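Asks: Take this structure first; my questions come after.
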Amino acid sequence: MKHEWRKHEKGLYLPKAKPELVTVPEQKFFMIDGQGNPNGEEFAEKIKVLYSLAYAIRMMPKGGYTPQGYFEYTVYPLEGIWSLTEKGRQLQELNKDEFLYTIMIRQPDFVSEELAQLVMEQVKKKKPHPYLEYAYFQTAEQEECVQMLHVGPYDNEPETFAIMHEFTKNNNLERISLEHREIYLSDARKAASAKLKTVLSYKISHMQTEI
């Protein structure tokens with residue numbers, strides 16, 4: 001049976017529009033780091049590179065090679081980890097040129113470091129792109145997060161984060177990083193900004209209660 005992340009991993013990819021505590025398991029990704037405004041051409045080109053790698057893995061059996069443990073699946077959605085440069089954190093208003101980001105696409109568990117490197121070399125030969133040199137494969141460790149579905153423009157995310165922060169405070173939790181993670185459930189090129197769906201999350205720890 002084909003693995004559909006929308007059906008089989010609803011807890012991670014289809015949360016409700018209210019904050020919740022979730023344990024994100026260890027996951028594997030193709031990633032590319034960067035700095036700057038995500039509305040620029042560089043960001044769009046890096047996304048293309050990630051999808052070229054993700055679909056190269058997905059389509060390997062049709063090319064005559066089936067990796068060990070391979071199963072039919074839907075390619076996972078684009079994700080991003082976001083923070084700001086030191087300069088950006090000192091500014092009174094948000095400057096998108098000061099964004100630091102890692103964009104990434106999750107890979108199934110059967111994808112090993114060896115297989116990922118093989119695919120990256122194959123894509124470099126078949127579909128060369130300058131940003132392929134910056135792509136890498138990495139396993140993200142399990143982590144506890146507060147997450148919530150944000151519906152609407154990306155620029156309105158602070159409203160959702162305010163609700164998440166209130167939930168964090170009221171549940172004796174503590175945000176442990178200024179970074180946050182986004183999972184893009186909508187295609188921003190096609191969907192109206194008011195209907196964009198994005199999963200927002202950040203890492204937390206449990207605060208010790210005084211006896």
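The values are calculated or read from the model by the stated rules, or taken from the named source; none is laboratory data. The shown structure was predicted, so the numbers you read here are calculated from the model rather than taken from an experiment. Cβ atoms come from the backbone with ideal geometry, glycine included; neighbour counts cover every protein chain shown. For accessibility, only protein heavy atoms count, side chains too; no ligands or nucleic acids. Shrake-Rupley method; radii C 1.70, N 1.55, O 1.52, S 1.80 Å.
Asks: Exactly one of these conditions fails for Ser205: (1) assigned to a loop (DSSP other than H, G, I, E, B); (2) open to solvent by less than 90 Å² (accessible area, probe 1.4 Å). Give me its number.
Replies: The number of the failed condition is (1).
Asks: Looking at Thr139, Thr198, can you tell me which residue is under 25 Å from Tyr51 (Cα atoms), assigned to a strand (DSSP E or B), of a type in the set (Ser, Thr, Tyr) and without any contact (Cβ under 8 Å) to a residue 60 or more places away in the chain?
Replies: Thr198
Asks: How many residues are hydrophobic (A, V, I, L, M, F, W, C), part of a helix (DSSP H, G or I) and open to solvent by 80 Å² or more (accessible area, probe 1.4 Å) when one looks only at the range 156-180?
Replies: Total meeting the criteria: 1.
Asks: Output the residues belonging to the range 131-155 that are of a type in the set (Phe, Trp, Tyr) and either in contact with a Phe, Trp or Tyr (Cβ under 7 Å, 6 or more places away or on another chain) or open to solvent by less than 20 Å² (accessible area, probe 1.4 Å) (or both).
Replies: Phe137
Asks: Can you pull out every residue in the range 16-62 that is more than 28 Å from Asp155 (Cα to Cα) and open to solvent by 70 Å² or more (accessible area, probe 1.4 Å)?
Replies: Scanning the range 16-62 gives Glu26, Tyr55, Met59, Lys62.
Conditions tested, residue by residue: (1) farther than 14 Å from Ile47 by Cβ; (2) in a strand (DSSP E or B); (3) without any contact (Cβ under 8 Å) to a residue 40 or more places away in the chain; (4) out of contact with any strand residue (DSSP E or B) (no Cβ under 9 Å at 6 or more places or on another chain).
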{"residue": "Tyr70", "(1), (2), (3), (4)": "yes, no, no, yes"}
{"residue": "Val75", "(1), (2), (3), (4)": "no, no, yes, no"}
{"residue": "Gly80", "(1), (2), (3), (4)": "no, yes, no, no"}
{"residue": "Ser83", "(1), (2), (3), (4)": "yes, yes, no, no"}
{"residue": "Arg89", "(1), (2), (3), (4)": "yes, no, no, no"}
{"residue": "Gln92", "(1), (2), (3), (4)": "yes, no, yes, yes"}
{"residue": "Asp97", "(1), (2), (3), (4)": "yes, no, no, no"}
{"residue": "Tyr101", "(1), (2), (3), (4)": "no, yes, no, no"}
{"residue": "Asp109", "(1), (2), (3), (4)": "yes, no, no, no"}
